[in-house]
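**Student:** Below: one structure in structure tokens.
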Ligand code: FES
Ligand code: FES
């Protein structure tokens, strides 16, 4: 029997950091690999490539996502923000400044993911989204008011981002600085 030929790649458009890009990618290509290999945006890191470490965190339509778990072909037309879109050396994002000030990294490999995740987490908290450790009495209020971010909340909300250097205490301090 002659095997049926099927398309194995597609052309799609992604808006990354407010710039539209059209790429043709194999259907098995993840958003992470499109960013790094097609668009040369290497700030987003590949750690585990299995959704376990958070190094590849981006904002997808404003919400945190592990880009190593997402097939690019399924996100035609999507809007992404990567660490390159948050700030640069001349105009860093306040959380980037806080990471620098608090010395919240060692090797730095997890840092882009930590910072993008921190920015996403601050937005989620500002919108009133609870976390696993948000007290029930706060949930019952259901006011939609911003969630209060103590250290337990910050640790829980950042728990998807692993730091193999163990810089966690300073990472929490950096996020806390921006919260304040
Ligand atoms: S590289 Fe995506 S979660 Fe580790
Ligand atoms: S600073 Fe090295 S893995 Fe986090």
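**Student:** Quick check, is residue 24 more than 21 Å from residue 109 (Cα to Cα) and away from ligand 2 (no atom under 16 Å from the Cβ)?
**Tutor:** yes
**Student:** How do the pairs read when you match residues in region 126-137 that are within 15 Å of residue 151 (Cβ to Cβ) with residues anywhere that are in a loop (DSSP other than H, G, I, E, B), using Cβ under 8 Å and keeping only pairs 6 or more apart or on different chains?
**Tutor:** 131/147; 134/147
**Student:** While we're looking at this one, here's another question. Which condition from (1) under 27 Å from residue 169 (Cβ atoms); (2) touching a helix residue (DSSP H, G or I) at 6+ places or on another chain (Cβ under 8 Å); (3) part of a loop (DSSP other than H, G, I, E, B) is the one that residue 42 breaks?
**Tutor:** Among (1) under 27 Å from residue 169 (Cβ atoms); (2) touching a helix residue (DSSP H, G or I) at 6+ places or on another chain (Cβ under 8 Å); (3) part of a loop (DSSP other than H, G, I, E, B), the lone unmet condition for residue 42 is (1).
**Student:** Is it the case, given these coordinates, that residue 95 is under 21 Å from residue 115 (Cβ atoms) and within 16 Å of ligand 1 (Cβ to nearest atom)?
**Tutor:** No, not satisfied.
**Student:** Within the bounds of region 167-177, is there any residue that is in contact (Cβ under 8 Å) with a residue 40 or more places away in the chain, away from ligand 2 (no atom under 16 Å from the Cβ) and at negative phi?
**Tutor:** Within region 167-177, one or more residues are in contact (Cβ under 8 Å) with a residue 40 or more places away in the chain, away from ligand 2 (no atom under 16 Å from the Cβ) and at negative phi.
**Student:** In region 88-141, what residues are on the phi < 0 side of the Ramachandran plot, outside any helix (DSSP H, G or I) and within 16 Å of ligand 2 (Cβ to nearest atom)?
**Tutor:** First, pick out the residues of region 88-141 that are on the phi < 0 side of the Ramachandran plot: 88-102, 104-107, 109-127, 129-141.
Those left that are additionally outside any helix (DSSP H, G or I): 88-93, 102, 104-107, 109-110, 127, 129-135.
Once the filter is applied, which keeps residues that are on the phi < 0 side of the Ramachandran plot, outside any helix (DSSP H, G or I) and within 16 Å of ligand 2 (Cβ to nearest atom), region 88-141 yields 102, 104, 105, 106, 107, 109, 110.
**Student:** Taking the condition at pLDDT 95 or above, more than 19 Å from the chain's Cα centre (by Cα) and assigned to a loop (DSSP other than H, G, I, E, B), does residue 152 pass?
**Tutor:** Taking the combined requirement at face value, the residue does not satisfy it.
**Student:** Which of (1) away from ligand 2 (no atom under 16 Å from the Cβ); (2) touching a strand residue (DSSP E or B) at 6+ places or on another chain (Cβ under 6 Å) does residue 56 not meet, given it meets every other one?
**Tutor:** In the conditions (1) away from ligand 2 (no atom under 16 Å from the Cβ); (2) touching a strand residue (DSSP E or B) at 6+ places or on another chain (Cβ under 6 Å), residue 56 misses (1) alone.
**Student:** Now for a different question. Of the residues 112, 130, 169, only one is modelled with pLDDT of 95 or more, under 27 Å from residue 68 (Cβ atoms) and surrounded by 14 or more Cβ atoms within 10 Å (Cβ to Cβ); which?
**Tutor:** Of the residues listed, the single one that is modelled with pLDDT of 95 or more, under 27 Å from residue 68 (Cβ atoms) and surrounded by 14 or more Cβ atoms within 10 Å (Cβ to Cβ) is 112.
**Student:** Does any residue of region 30-46 turn out to be closer than 23 Å to residue 129 by Cβ, surrounded by fewer than 20 Cβ atoms within 10 Å (Cβ to Cβ) and in contact (Cβ under 8 Å) with a residue 24 or more places away in the chain?
**Tutor:** No, that holds for no residue.
The values are calculated or read from the model by the stated rules, or taken from the named source; none is laboratory data. Keep in mind that this is a model prediction, so the values were computed, not measured. Because the Cβ atoms are built from the backbone with ideal geometry, glycine has one as well, and the counts that use them run over all protein chains shown.
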